[in-house]
Amino acid sequence: MTPGARVASAIEILDAVLAGDPAEKQLTTWARSNRYAGSKDRVAVRDLVFEALRCKQSFSVWGGEQTGRAILTGLFRAQGLDPQDVFTGEGYAPKPLSEEELAEGHAPQGHDALDVPEWLAPQLQADLGEDFAPVLTLLQSRAPVFLRVNLQATTRDAAIAALAAEEIVAEAHDLSPSALLVTKNPRRVQNSKVFAEGYVELQDAASQFVTDQIPLKNGARVLDYCAGGGGKSLALAARMPKGAVSLFAHDISHLRMRDIPVRAERAGVEVKVLETVEVAQNAPYDVVVCDVPCSGSGAWRRAPEGKWALTQERLDELTSIQAEILAKTKEYVSKGGVLAFLTCSLLRAENEAQVEAFLAANSDWRCMSQERLTPLAGGDGFFVAILKRA
């Protein structure tokens, strides 16, 4: 595909996303309908679509309106390039820009320039303080690729060397003793021997950091209550000698947990997947980990659609769900046990405020520690609070 054809495809996909379809669904549909597109073409189109979604508002201002065509026009203008070099109408390139399109658009200002929803900007500004603009600027860029080294199976230096042998360059990252930042050929990781043999897993460095804060001891029974794909279960297992802790995973969506058995086998650990009715039956647990549903604001680089889909009503709904999960899961914690409350949110309402409300309602609990990371630390935005039962 020519550069122009790639842009035309990205415009088509963006128009469908703007109409309400998920980006991943549209990218899959496009790839199936365009078998001639090679792997490099698919990667290039995907990158265009996600860059456009991360910077949808600023690119729309640059382009003059919120359509796929205008947003891609804005993408080029934001980079100091002339979109007319691509919008030629030749071959499969987008048709040339009209006089009206050439006259439209200007440099974005204020919140538009930072690609932050107008209604949410005051709240984020209050919560982030002087980090507001730097964090929002970072969220406009592509997220780095991090790996978690399975320290039960290898060392960080050995993993770096093994990756290098497959032309994947990675370096240690200081957010976690197990974290690696991939600086070259990140897309080769999942097809690598190092990955297939369970020496590394894809996991954000900040996600590794918050998992590192969860206290573990030999013989502990650990429940990963909102387990999703099981990344934190595997990270917890890798911190202890094999078999030293009993790990249980649960998620309201069994579909999200479908890969846990395969991932656990690859890592050489055991994770028991629980149905909802089995969670209480297996209680109590020494540690309950709740990586609760949230706005995802700390991970908007990876999932930019969430930034534009979030509303105040949905945020209120999420904070209610979070409080309900805390109220429910505290009953599963043994006396003297720990409840680890995690989010990938930058918002105080989903983080510190939830902890304060929980402690106010539960006098037999105390907060041992809490920390909020922003993308300025290198990874995604994350929050962790370690709550201990008397």
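Here are some notes:
- Residues in segment 335-349 include none that are among the aromatic types (Phe, Trp, Tyr), modelled with pLDDT of 95 or more and either farther than 30 Å from Thr137 by Cβ or in a helix (DSSP H, G or I) (or both).
- Residue list for segment 350-390, restricted to those being within 23 Å of Ala227 (Cα to Cα), of a type in the set (D, E, K, R) and either out of contact with any Gly (no Cβ under 9 Å at 6 or more places or on another chain) or at pLDDT below 95 (or both): Glu350, Glu352, Glu371
- The helices (runs of 4 or more DSSP H) found wholly in segment 241-329 and carrying at least 1 residues that are touching a strand residue (DSSP E or B) at 6+ places or on another chain (Cβ under 9 Å) occupy 260-267, 276-281, 312-329.
- Single unsatisfied condition, Leu72 versus (1) crowded, with 23+ Cβ neighbours inside 10 Å; (2) more than 26 Å from Lys25 (Cα to Cα); (3) hydrophobic (A, V, I, L, M, F, W, C): (2)
- Residue in segment 194-208 that is on the phi > 0 side of the Ramachandran plot, at pLDDT below 95 and either buried (at least 21 other Cβ atoms within 10 Å of the Cβ) or touching a helix residue (DSSP H, G or I) at 6+ places or on another chain (Cβ under 8 Å) (or both) present: yes
- Odd one out for Leu223 among (1) under 20 Å from the mean Cα position of the chain (by Cα); (2) more than 25 Å from Leu346 (Cβ to Cβ); (3) part of a strand (DSSP E or B): (1)
- Some residue of segment 81-90 being modelled with pLDDT under 95, surrounded by fewer than 21 Cβ atoms within 10 Å (Cβ to Cβ), of a type outside the set (Gly, Ala, Ser) and outside the structural domain of Ala299 (by TED's automatic domain parsing): yes
- Exactly one residue among Arg54, Arg35, Arg6 is closer than 17 Å to Phe87 by Cβ and among the basic types (Lys, Arg), and that residue is Arg6.
To keep it simple, each residue is scored yes or no on (1) more than 18 Å from the chain's Cα centre (by Cα); (2) in the same structural domain as Leu318 (by TED's automatic domain parsing); (3) in a loop (DSSP other than H, G, I, E, B).
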residue	(1), (2), (3)
Gln354	yes, yes, no
Ser369	yes, yes, no
Asp380	no, yes, yes
Val384	no, yes, no
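- Cβ-Cβ contacts under 8 Å between residues 6 or more apart (or on different chains), taken from a first residue in segment 297-321 that is aromatic (Phe, Trp, Tyr) to a second residue that is modelled with pLDDT of 95 or more and not in a helix (DSSP H, G or I), are listed as Trp300/Leu139; Trp308/Pro117.
- Phe146 part of a helix (DSSP H, G or I), at pLDDT 95 or above and either under 29 Å from Arg372 (Cα atoms) or not β-branched (Val, Ile, Thr) (or both): no
- Qualifying positions in segment 370-388 - polar (S, T, N, Q) and within 23 Å of Val288 (Cβ to Cβ): Gln370
- The listed residue being surrounded by fewer than 19 Cβ atoms within 10 Å (Cβ to Cβ), within 30 Å of Lys335 (Cα to Cα), in the same structural domain as Ala327 (by TED's automatic domain parsing) and in contact (Cβ under 8 Å) with a residue 40 or more places away in the chain, out of Lys272, Lys242: Lys242
The values are calculated or read from the model by the stated rules, or taken from the named source; none is laboratory data. Please read these numbers as outputs of a predicted model, since none were measured by experiment. Quick reminder, even Gly has a Cβ in these numbers, built from the backbone with ideal geometry, and neighbours come from all protein chains shown.
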